[in-house]
Amino acid sequence: MAAESFPSNGDEYDPEPPRPTGLLDVLSVAAVVVDADGRLVFWTPQAEELFGYTSEEALGKYAARLFIHPEHLQAVTRLFAEVLETGRSWAGAFPIRHKDGSIRLTEFRNMRLLDDRGGVHALGIAADHNLLQRVETDLALCERLINQSPIGLALMDPDLRYLLVNPALERIDGIPAEDHIGRGLRETLPFPDVDTVESALRQVLTTGNPLLDQYHVGRPPADPDHEHAWSLSFYRLEDPGGRVLGAATSVVDVTERHRVAAEADRARRRLALIADASTRVGTTLEVERTAQELAEIATPELADVVAVDILDSALACRRAGRPDDGPELFRALALKAAHPTVALRAADPPGDLAAYDGDRLVTLCVHTGRPILVRHVGDRDLPRIARNAEATSLLARAGVHSYLAVPLIAHGEVLGALDLKRTRNPLPFEEDDVVLASELAGRAAVAIDNARWFQSVRNTALTLQRSLLPDHPPHHTGLEIASRYQPAQATSEVGGDWYDVIPLAGDRTALVVGDVMGNGIDAAATMGRLRTATCAYAELDLAPSALLQHLDKITCDLEHYIVTCIYAVYDPRTRECHMANAGHMPPALARQGHTPALLELPPGAPLGVGGIPFETTTAELSTGDLLVLYTDGLVETRHHPIDDRLNLLLSFLDAPGRPLEEACDLLLHGLRHPDDHDDVALLVARTL
């Protein structure tokens, strides 16, 4: 109990009854002194509480007669004599008669006292046996609970130095109990946020309000390679009198729960990533764009640095058998980093070709068709990852510590590899990462495979289509001519649109624009046959209506195709243009000083309908007049009325004197959309 202070100014002091502050006060230990004759000569207030007699009733009385039952008198007398004669102390429990007549078991400690005159006395220290036994049981229980508890427990003084640590806490932080005692939090806690923990404990010491279930994550000295999690609770400790003794800390290891929750969160994120990839990867039929989408989706969730490399043979759609060893030629298609890093300088820039020897990991990946995982990249691994010695040095500077290469496989063919590196992410690649990367690579490989075949077929189609179109002479008497062919942007199929410029006798020129309905190689072949037939009939100097009549008969025999066509013959001597229409879009005419307009021609029936006559219409042209022939792909869309589109076409012809090449570009750029599903043939002629 803390010492009481007395007033120094002479004021009357009326102290309050002291409150229990320690174990002895809780036990209410009594002290009595008996002289050599067995009389009570000293009596404490606690003795009155324990035995029931006041000091007036007890002092001077024989102790044995006062509270010893007659049946125990002989034993007590013998013990008393032994203590006084030999000086040996005696301890034990003895039944005592209380003032109220009841017998109570009392715990005693007896010892001999000598005063300064040589007198001999006996000191008895006593406490209620039942109370003492209860306190001993509580202490034993507390000790057992503390030592055997799976929860880490620590007691700390007001300065937050350790006073007691149980074995569970030893196991949690990997530091022996004796090494805790007297040390502070900063010397033992494995948490990176130790300042937060210390601040919380000081708050508990100040306010007395406990803090429960504080979540903390760290790496203990006993297991520095793995992340652990703990739930901490803080309580203020006070003695029965309310004096602050310090703080108690309980630590529950919740690592398993933390790992399960973290794994569940990772699984949710990975599923979300796969779902995201299904909508973000393969949005276009472009190989480079698809590869870039794959690199972006894998960064930074899966890797810090991502590269997508395609075998050059696969990109060219050459199905060559894969060798078991030897070098491979890769074309870099995409490169992405989650943060600025010199590792980007170690990678092949997108678009570049790079040869990798057979011992390189990316080459091994495409040769085996299996993922290559290097959890912990060492000095001997970097040369097998990098393209050369300089790149090896850059990857080392970037801190590449884990590597994963996953093959891009579509329909059983290895197209290339997804290359993944970790620099800032401290965790190495695991098997779960291999599964996720393989799933992303598989989805992207199918999209890349579709895109490369689309591009190959499209390039072939364009080559075929352009080979069927004419290389007309640059000069025609009385006419200046420009033309364009633009394939459909949203399909790889060959179209059936065509145009032709045919020199005729007498300086005349035949202008032809036609459209075979449908697409594919058959449509292109039909277009080629009709173009050849048109050139042959034009040599016969037939009227436009008669020529279309012959083409109609040919078309009726060609696989049920329907064809629209305009055939026009311009004579520079008479400045007359004779035209016939077979179900085609009307030509547009623009002349200086007049509003551009569509020529009113009898629409006629498309070629292939059969048995319907065609009409020839004559239009007189002046110098500088602009005649525009086109296929429906220029003006038709899925979302706009055709009349609006035709008016828009005429609005672009407001300057007939514009250079013809510029006029063609203006019409295509102003009317075409990247998603248009039809090709366009455009023929523009200006009279001279």
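The values are calculated or read from the model by the stated rules, or taken from the named source; none is laboratory data. Owing to the predicted nature of the structure, the values given are computational and were not obtained by experimental measurement. Glycine gets a Cβ as well: all are built from the backbone with ideal geometry, and neighbour counts include every protein chain shown.
Among residues belonging to the stretch 603-638 that are outside any loop (DSSP other than H, G, I, E, B) and out of contact with any helix residue (DSSP H, G or I) (no Cβ under 9 Å at 6 or more places or on another chain), point out the one that is surrounded by the fewest Cβ atoms within 10 Å (Cβ to Cβ). Spell out the reasoning first.
Taking the stretch 603-638 first, the residues outside any loop (DSSP other than H, G, I, E, B) are 607, 616-620, 626-630, 632-634.
Now narrow it down to the ones that are out of contact with any helix residue (DSSP H, G or I) (no Cβ under 9 Å at 6 or more places or on another chain): 618-620, 627, 629, 633.
Working: T618: 12, A619: 18, E620: 9, L627: 25, L629: 24, G633: 23.
Taking the candidates together, the pick is E620.
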#### Entry: Any hit, the stretch 553-570, residues being surrounded by fewer than 20 Cβ atoms within 10 Å (Cβ to Cβ), touching a strand residue (DSSP E or B) at 6+ places or on another chain (Cβ under 9 Å), in contact (Cβ under 8 Å) with a residue 60 or more places away in the chain and outside any loop (DSSP other than H, G, I, E, B)
no
### Task
Answer yes or no: is there a residue in the stretch 355-367 that is at pLDDT below 90, of a type in the set (A, V, I, L, M, F, W, C) and either under 21 Å from the mean Cα position of the chain (by Cα) or within 26 Å of E288 (Cα to Cα) (or both).
yes
### Query
Looking at T595, is it surrounded by fewer than 15 Cβ atoms within 10 Å (Cβ to Cβ), in contact with an Asp or Glu (Cβ under 9 Å, 6 or more places away or on another chain) and under 12 Å from P656 (Cα atoms)?
yes
### Task
Please determine, by comparing only the residues of the stretch 87-122 that are touching a Ser or Thr at 6+ places or on another chain (Cβ under 9 Å) and crowded, with 16+ Cβ neighbours inside 10 Å, which one is farthest from E71 (Cα to Cα).
R112
### Unmet criterion (only one of (1) modelled with pLDDT of 80 or more; (2) farther than 26 Å from P45 by Cα; (3) in a helix (DSSP H, G or I)) for I172
(1)
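Somewhere in the stretch 387-408, is a residue among the acidic types (D, E) and within 27 Å of A314 (Cα to Cα)?
Residues of the stretch 387-408 that are among the acidic types (D, E), as a first pass: 390.
Those left that are additionally within 27 Å of A314 (Cα to Cα): none.
No, every residue in the stretch 387-408 fails to be among the acidic types (D, E) and within 27 Å of A314 (Cα to Cα).
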### Task
Any chance you could count how many residues in the stretch 245-268 are surrounded by 12 or more Cβ atoms within 10 Å (Cβ to Cβ), part of a helix (DSSP H, G or I), charged (D, E, K, R) and modelled with pLDDT of 80 or more?
2
### For A272: the one exception among (1) closer than 21 Å to A338 by Cα; (2) at pLDDT below 85; (3) surrounded by 18 or more Cβ atoms within 10 Å (Cβ to Cβ)
(3)
#### Entry: Pair list, Cβ < 7 Å and 6+ apart or interchain, from the stretch 274-302 residues that are within 18 Å of P407 (Cα to Cα) to residues that are in a loop (DSSP other than H, G, I, E, B) and at pLDDT 90 or above
T299/A338
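Search the stretch 59-77 for residues being of a type in the set (A, V, I, L, M), in a helix (DSSP H, G or I) and in contact (Cβ under 8 Å) with a residue 24 or more places away in the chain, and hand back the single one that is surrounded by the most Cβ atoms within 10 Å (Cβ to Cβ).
A63
Matching residues to (1) touching a residue at least 40 places away in the same chain (Cβ under 8 Å); (2) out of contact with any strand residue (DSSP E or B) (no Cβ under 6 Å at 6 or more places or on another chain); (3) assigned by TED's automatic domain parsing to the domain that holds P428; (4) more than 21 Å from P426 (Cβ to Cβ):
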| residue | (1), (2), (3), (4) |
| --- | --- |
| R202 | yes, yes, no, yes |
| D225 | no, yes, no, no |
| W230 | yes, no, no, no |
| G241 | yes, yes, no, yes |
| A247 | yes, no, no, yes |
| V260 | no, yes, no, no |
| R269 | no, yes, no, no |
### Message
I'd like the residue in the stretch 208-223 that is modelled with pLDDT under 85 and hydrophobic (A, V, I, L, M, F, W, C) and, out of all such residues, is surrounded by the most Cβ atoms within 10 Å (Cβ to Cβ).
### Response
V217
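Quick one: in the stretch 224-234, which of the residues that are in a strand (DSSP E or B) and at pLDDT below 90 is surrounded by the most Cβ atoms within 10 Å (Cβ to Cβ)? Give the derivation first.
We begin by selecting, within the stretch 224-234, every residue in a strand (DSSP E or B); these are 228-234.
Remaining after also requiring at pLDDT below 90: 228-232.
Values: H228: 21, A229: 18, W230: 23, S231: 17, L232: 20.
Taking the candidates together, the pick is W230.
Step by step: first the residues of the stretch 235-244, then only those that are charged (D, E, K, R) and not in a loop (DSSP other than H, G, I, E, B), then the one that is surrounded by the fewest Cβ atoms within 10 Å (Cβ to Cβ). Which residue is that? Steps first, please.
If we filter the stretch 235-244 for residues that are charged (D, E, K, R), which is where we start, we get 236, 238-239, 243.
Narrowing the set further to residues that are not in a loop (DSSP other than H, G, I, E, B) leaves 236, 238.
Working: R236: 19, E238: 12.
Within the stretch 235-244, the match that is surrounded by the fewest Cβ atoms within 10 Å (Cβ to Cβ) is E238.
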### Task
Examine the stretch 281-289 for a residue that is closer than 22 Å to I409 by Cβ, outside the structural domain of A405 (by TED's automatic domain parsing), of a type in the set (D, E, K, R) and surrounded by fewer than 21 Cβ atoms within 10 Å (Cβ to Cβ), and state whether such a residue exists.
no
### Message
Take E620 and tell me if it is touching a Lys or Arg at 6+ places or on another chain (Cβ under 7 Å) and charged (D, E, K, R).
### Response
yes
### Subset of the stretch 69-81 [touching a strand residue (DSSP E or B) at 6+ places or on another chain (Cβ under 9 Å) and closer than 14 Å to G124 by Cα]
V76, L79, F80
#### Entry: Identity of the residue in the stretch 272-312, assigned to a loop (DSSP other than H, G, I, E, B) and of a type in the set (S, T, Y), that ends up farthest from the chain's Cα centre (by Cα)
T284
### Query
Which ones in the stretch 516-548 are surrounded by 22 or more Cβ atoms within 10 Å (Cβ to Cβ) and touching a His at 6+ places or on another chain (Cβ under 7 Å)?
P544
### Query
So which residues in the stretch 582-602 are in a strand (DSSP E or B) and either closer than 21 Å to A523 by Cβ or not assigned by TED's automatic domain parsing to the domain that holds G478 (or both), if there are any at all?
A582
### Query
Are any of the residues in the stretch 585-592 under 23 Å from D552 (Cβ atoms), at pLDDT 95 or above, crowded, with 20+ Cβ neighbours inside 10 Å and over 54 Å from the mean Cα position of the chain (by Cα)?
yes
#### Entry: Tally of residues being among the acidic types (D, E) and out of contact with any strand residue (DSSP E or B) (no Cβ under 9 Å at 6 or more places or on another chain) across the stretch 204-223
1
### Query
Of everything in the stretch 386-408 that's β-branched (V, I, T) and surrounded by 20 or more Cβ atoms within 10 Å (Cβ to Cβ), which residue is farthest from P340 (Cα to Cα)?
V406
